[in-house]
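Heads up: the structure comes next, in structure tokens.
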Amino acid sequence: MNARRHSGHSPVDPPVLPALATQVADVPQEASALVGRCRAGDEAAWRALYDGHFDFAWRTARRLGLPEADADDAVQEAFQVAWARLHTFGDGRFSTWLYRIVANVVAARLRKRRVRDVFDGLFGRGPDDAMTVDGRLEARDTLARVERVLRRLSREKREAFALHEIEGLTHEQIAELTGARVETVRTRLFYARKEFAVHAHAMGVEP
Amino acid sequence: MSDVDWRRDYRQATEAPPVGARARVWRAMTVAKPASRRWLMPAFAGAMAAGVLLVLALWPRAVNEARAGDGFAYVATTATLSREGRHLALGAGRLALSVWGAPVQVDVRGRRVEVEAARAVVEVAGDRVRVLPVDGSVLVDGERVTASPATRAEAGDVGALCALEPTDAPLTRAEARATVAFEAGAWSDAAAAWSEVAASSSLRAEVALVKRGELELRRLSAPEKARATFDEAAARFPAGSLAMERSLSALEAAAALADWQDVARRTQAFETAFPTSERLGEVRRARALALYALRSVAEACEVARTLSQPVPFQAECASHER
């Protein structure tokens, strides 16, 4: 299934986000320096920043429930937004800032996808019926079913669930990444698990 | 599928992007700039919305509308109506129209209704067009249709229309109607229109009375009526601005009736009232003739002596003096 994938990754930055950081080059000083050069119009610095965070952005998009077919476009859009708003980046961690952009882009795309599914339903073609033959085959995979369950959760619950259950982050790390309070993250996670269990059971995934 | 299974599978499946994805996205990002076309969708939506609004604004709708000004007023009821200056186009419904200024044209289902100094109701019911003058007359495709008790009854209540008119609109309309009738040679209609104005308490009534009297005297060959009209004007407006003209015309009416006694009396009254009038010579001459007709030859000759032009009975005066 993952024959096309490669495993070439950038250096690591372990302190705050252990699971994500295993593959993210986000040494704060290095990233800040690159951002500084980008702001001065240095395209080479932007390419370095892009190369160092592409895998992270792509993985984030996928783990928040975005289908593989949409992932490239979403990552492209996220980097374009990042480039346009680079002047708003402050002192924090670049990967945290980029994560929020990717999460926003993913949320917007999943919202459009839900609307499209509703329209398909109006004309008698439910989201399942709208799939191609390949899609139908793929839907049998666990991967596709998990994606579909994730897409059914609200943005906040999906983020809390994916970051905790799939990425393995702690409540505190999720709070830092999403900008929410730790108590809020716990609550979201509680309800996300319940909701995931209901949808997953209906789709044959054992929660 | 166990708990461990799906998490492990999902992590593995989403661990890394496909080979070449990074370079492919970079190329797409540096070549295509989707952000630059972001204005397209809002612009398209805006253009569509503007188009819809324009169509809605121009689409003929049945309206209830009342307007007044510029010499005409109208009340439209469940009508599809458009207006451009003094040109109305009625598609459906009922239009009650009052015109006291310049003419107004109404196009209705291919027919042309011209309204001047009149009140009328134009109605479209199904395929049928009805033009009902309430007051005065209108031209329908060039053919004059005049108000009658029947058309008034069919037209129904036009109270709302009356409320829109200025208070002197009926008088202005009647004056305009009198002028139109006069120019068309419809002397009786003109006199009737002047009577409407004369019936009011306005100062314009004096002018209307004189105009009516002139019509009766010179066009309708009714000197008796004319004299009565001039007398009415004198009674209602003794110090009116047309007193001298009215007195002269009354004199002419009396002469036309060969009422010499009356002519003599009126000429004397004229001389007293307008001793400096430039028409005094003519009035004296009329007095001399009237006295002669009354066989008061001496008195007639006495008046004739004051005239610059000789009178027909000049020889008789000469022998009378001898």
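What cysteines in the protein assembly as shown have no other cysteine with a beta carbon less than 4.7 Å from their beta carbon?
A:C38, B:C162
Could you order peptides B:69-79, A:192-202, B:172-182 by the average number of other Cβ atoms within 10 Å of their residues, highest first?
Ranked from most to least packed, the peptides come out as B:172-182, B:69-79, A:192-202.
Write down, largest first, the equivalent ellipsoid semi-axes of the protein assembly as shown in whole Å, where each equals the square root of 5 times an eigenvalue of the alpha-carbon gyration tensor.
In descending order, the three semi-axes are 109, 26, 18 Å.
For the interface of A with B, what's the total buried accessible surface in square angstrom, probe 1.4 angstrom, rounded to the nearest hundred?
For chain A against chain B, roughly 3200 Å² becomes buried.
Give me the distance in nm between label points sitting 7 Å out from Cα along the Cα-to-Cβ direction at A:N104 and B:E65, one decimal.
My value for the distance between the label points is 4.9 nm.
What distance in nm lies between label points placed 7 Å from Cα along the C-beta direction at B:R204 and B:A273?
Result for the modelled spin labels: 2.5 nm.
Please give the peptides B:83-91, A:157-165 ranked by average Cβ packing (other Cβ atoms within 10 Å per residue), highest first, as a rough proxy for protection.
Ranking, from highest mean packing down: A:157-165, B:83-91.
How large a share of the accessible area of the range B:171-322, in percent, is made up of carbon and sulfur atoms when the probe is 1.4 Å and the other protein chains stay in place?
Carbon-and-sulfur percentage of accessible area, whole number: 53.
Which of the DSSP-defined H helices in chain B satisfy a minimum axial length of 18 Å, computed from C-alpha atoms, and a minimum mean Kyte-Doolittle hydropathy of -0.5?
B:40-58, B:169-183, B:243-256, B:280-293
Which order do the peptides B:209-216, A:96-103 come out in when sorted by mean C-beta neighbours inside 10 angstrom, highest first?
The packing order, highest mean first, is B:209-216, A:96-103.
How big is the accessible area of B:M48 in square angstrom, nearest 10, if you roll a 1.4 angstrom probe over the protein chains?
The accessible area of B:M48 comes to roughly 110 Å².
With a 1.4 Å probe and every protein chain left in place, work out the accessible area per residue of the range B:230-322 in Å², rounded to a whole number.
Counting only protein heavy atoms, the per-residue value for the range B:230-322 is 58 Å².
Give the ranking of B:W39, B:W100 by solvent-accessible surface, highest area first, calculated with a 1.4 Å probe.
B:W39, B:W100
For a label point 7 Å from the Cα of B:A125 along Cα→C-beta, name the residues of the range B:89-109 whose backbone N is under 19 Å from it.
From the range B:89-109, the list is B:90-97, B:108-109.
In nm, to one decimal, how far is the B:T80 label point from the A:D91 one, both placed 7 Å along Cα→Cβ?
Label-label distance for B:T80 and A:D91, simple model: 7.1 nm.
The values are calculated or read from the model by the stated rules, or taken from the named source; none is laboratory data. Everything numeric here is computed off the predicted structure, so don't read it as measured data. All Cβ positions, even for glycine, are placed from backbone atoms using ideal geometry, and neighbour counts span all protein chains on display. Just so you know, the surface numbers come from the protein's heavy atoms only, side chains and all, with ligands and any DNA or RNA stripped out. Shrake-Rupley method; radii C 1.70, N 1.55, O 1.52, S 1.80 Å.
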